[in-house]
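What follows is a single structure, written as structure tokens, with notes after it.
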Amino acid sequence: MAYDKDTIRTLVIDGVRTGKYPPGARVKISELAGLARMSPIPVRETLAQLVGEGFLAELRGVGFLVPRRHAYELEQIYRLRGLLAVAAVPLLLARKSFGSDMMPVDAPLWDWFVAEAQDSAIATAWLQTDRALLPYRRYEPQLPVDGDLVRNFSIAMGTRDARRLRTLARRSHDALARAAPLIVRRAEAKEYGEYILNIDASNRS
């Protein structure tokens, strides 16, 4: 297999997404260069680019690593995503060409929602939060609030109910914000089982 900078980039990002490189893990130039049979120089350049894009961090004397975040940082990121999703509601509903049949089958619901709003500022901010959360997304629990999310979302889109869509956006991301300590524990544990997160009924309205 021929390796180039794009291949190294894909390997690292996929490694972060799948947990091969968990939060705090070092991404070693020598290992990647040996795997790709490349000079360390283009590997270093690729990793430096990933630092600039928010996928990795670089520490003097340590090298490149996957950023490790505290629970309060994740909480703030999820709440920011909720605000971005809320801001996308009127923009999406203003699109006359939009129809409920355009809803995704496999794509993450809110990722698709923000993309369909077609606002560059919101999309850019969303992408930045997505990169910050990448090492943690696989540890997100299945929340009770998710049970009827798609059905309620479909109904709200069909009736173009902006208030309901804003409520769903807030509920979904507030639930993840409250789950931030659990997500961090999962990410830092070598092994983890099933976790159940109890959401206060008052937060479901």
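Does segment 86-98 include one or more residues that are assigned to a helix (DSSP H, G or I), surrounded by fewer than 16 Cβ atoms within 10 Å (Cβ to Cβ) and at pLDDT 85 or above? Looking through segment 86-98, at least one residue is assigned to a helix (DSSP H, G or I), surrounded by fewer than 16 Cβ atoms within 10 Å (Cβ to Cβ) and at pLDDT 85 or above.
Restricting attention to segment 31-59, the residues that are among the small types (Gly, Ala, Ser), on the phi < 0 side of the Ramachandran plot and assigned to a loop (DSSP other than H, G, I, E, B) total 1.
Give Leu65, Leu80 a once-over and let me know the one that is in contact (Cβ under 8 Å) with a residue 40 or more places away in the chain and closer than 20 Å to Trp126 by Cβ. After ruling out the rest, the residue left standing is Leu80. Out of everything in segment 39-52 that is under 24 Å from the mean Cα position of the chain (by Cα) and more than 14 Å from Arg131 (Cα to Cα), what residue ends up being surrounded by the fewest Cβ atoms within 10 Å (Cβ to Cβ)? My answer is Ala48.
Taking the criterion of being among the small types (Gly, Ala, Ser), closer than 20 Å to Leu84 by Cβ and modelled with pLDDT under 85, the only residue of segment 153-166 that qualifies is Ala156.
Residues Val114, Val150, Val184: which one is at pLDDT below 85 and part of a helix (DSSP H, G or I)?
Of Val114, Val150, Val184, the one residue that is at pLDDT below 85 and part of a helix (DSSP H, G or I) is Val150.
Looking across segment 14-30, the residues that are closer than 23 Å to Ala189 by Cβ and part of a helix (DSSP H, G or I) come down to Asp14, Gly15, Val16, Arg17, Thr18. Checking each residue in segment 53-65 for being among the aliphatic types (A, V, I, L, M), under 17 Å from Thr129 (Cβ atoms) and surrounded by fewer than 21 Cβ atoms within 10 Å (Cβ to Cβ) picks out only Ala57.
The values are calculated or read from the model by the stated rules, or taken from the named source; none is laboratory data. Every value quoted in this text rests on a predicted model; they were computed, and no experiment measured them. So basically every Cβ, Gly included, is an ideal-geometry build from the backbone, and we count neighbours across all protein chains shown.
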